[in-house]
Amino acid sequence: MTDFALQAKNLSKHYDDGIARIDVLCDVSLGIARGELVAVIGASGSGKSTLLHALGLLDLPSSGSVLVAGQTSEGLSESARSRLRNRELGFVYQFHHLLPEFTALDNVAMPLIVRREPRDVARVEALKVLEMVGLSARTTHYPGQLSGGERQRVALARALVARPACVLADEPTGNLDRHTAHQMFKLLKQVNTESNTAFLIVTHDPELAALADRRLHMDAGRLVDAP
């Protein structure tokens, strides 16, 4: 039996604009095994970000269910969903969303601090993942003192610090130059292999998608295997 880090079962999402129903996700089912790297590609407006928000427990689907590390999110209160999200999921976005008033170390420690881990324990764990992404020499630097690639590596470390079952990445190299993006590609694959953490990456970049164990294509709210 496959040990899934993240599953979606018959996910649908629609909106009513007052005139007609708009279907954004249409009966999407997906299973991501622990340690698997899956890329989702597709045109803008195809439903990729909506899927990511639903899988990340940031938005409720109109129907269907999401299971994170084997635990269903269906019927959970918002606080319980937040706890599950904080414990089992990590997020990396196109823009790093680091807190400018905190050092790299404290930015990475923040998910553990939010869950009320002692600050010194959180910092020890943060240092471990900053070393993993090659930034042990930049721990006391603030986001404004880091390059774009370094900021994204800090964001990746923050996503990993809680040892999540799965990291969801939305265009993680979309704001980087080509050379820095290539370095980030290699790092994502390295971390995926070394940590056995599952990754679901939404991207327009065929080079990043080619690194994945499996590629899926989103088209008009439906998910199919990519060629």
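The values are calculated or read from the model by the stated rules, or taken from the named source; none is laboratory data. Just so it is clear, the model here is predicted, and its values are computed rather than measured. Don't worry about glycine lacking a Cβ; one is built from the backbone with ideal geometry, like all the others, and counts go over all protein chains shown.
Here are a few things to note about the model shown:
- Lone unmet requirement of (1) assigned to a helix (DSSP H, G or I); (2) within 16 Å of the chain's Cα centre (by Cα) for Leu200: (1)
- Residue check for Ala155: under 20 Å from Lys186 (Cα atoms) and buried (at least 17 other Cβ atoms within 10 Å of the Cβ): yes
- Ser73 crowded, with 17+ Cβ neighbours inside 10 Å and closer than 29 Å to Ala210 by Cα: no
- Hits in region 210-227 (condition: assigned to a helix (DSSP H, G or I) and surrounded by 20 or more Cβ atoms within 10 Å (Cβ to Cβ)): none
- Put simply, of Val114, Val68 the only residue that is within 24 Å of Leu25 (Cβ to Cβ) and touching a residue at least 24 places away in the same chain (Cβ under 8 Å) is Val68.
- Residue within region 41-50 that is touching a residue at least 24 places away in the same chain (Cβ under 8 Å), hydroxyl-bearing (Ser, Thr, Tyr) and either on the phi > 0 side of the Ramachandran plot or in contact with a Leu (Cβ under 9 Å, 6 or more places away or on another chain) (or both) present: yes
- Applying the set (1) within 15 Å of the chain's Cα centre (by Cα); (2) buried (at least 19 other Cβ atoms within 10 Å of the Cβ) to Ala181 leaves exactly one unmet item: (1).
- Of all residues making up region 95-111, the number that are over 21 Å from Arg34 (Cβ atoms) and either aliphatic (A, V, I, L, M) or crowded, with 17+ Cβ neighbours inside 10 Å (or both): 11
- Count - residues of region 153-193 that are closer than 26 Å to Thr50 by Cβ, at pLDDT 85 or above and not hydrophobic (A, V, I, L, M, F, W, C): 3
- Residue among Ala162, Ala169 that alone is closer than 27 Å to Asp59 by Cβ, aliphatic (A, V, I, L, M) and buried (at least 24 other Cβ atoms within 10 Å of the Cβ): Ala169
- Test: residue in region 181-194 that is of a type in the set (Asp, Glu), within 27 Å of Gln7 (Cα to Cα) and in contact (Cβ under 8 Å) with a residue 60 or more places away in the chain: yes
- The residues of region 123-152 that are among the aliphatic types (A, V, I, L, M), at pLDDT 90 or above and under 27 Å from Ile32 (Cβ atoms), listed by number, are Ala126, Leu130.
- Test: Gly64 is assigned to a strand (DSSP E or B), out of contact with any Asp or Glu (no Cβ under 6 Å at 6 or more places or on another chain) and over 18 Å from Phe91 (Cα atoms): yes
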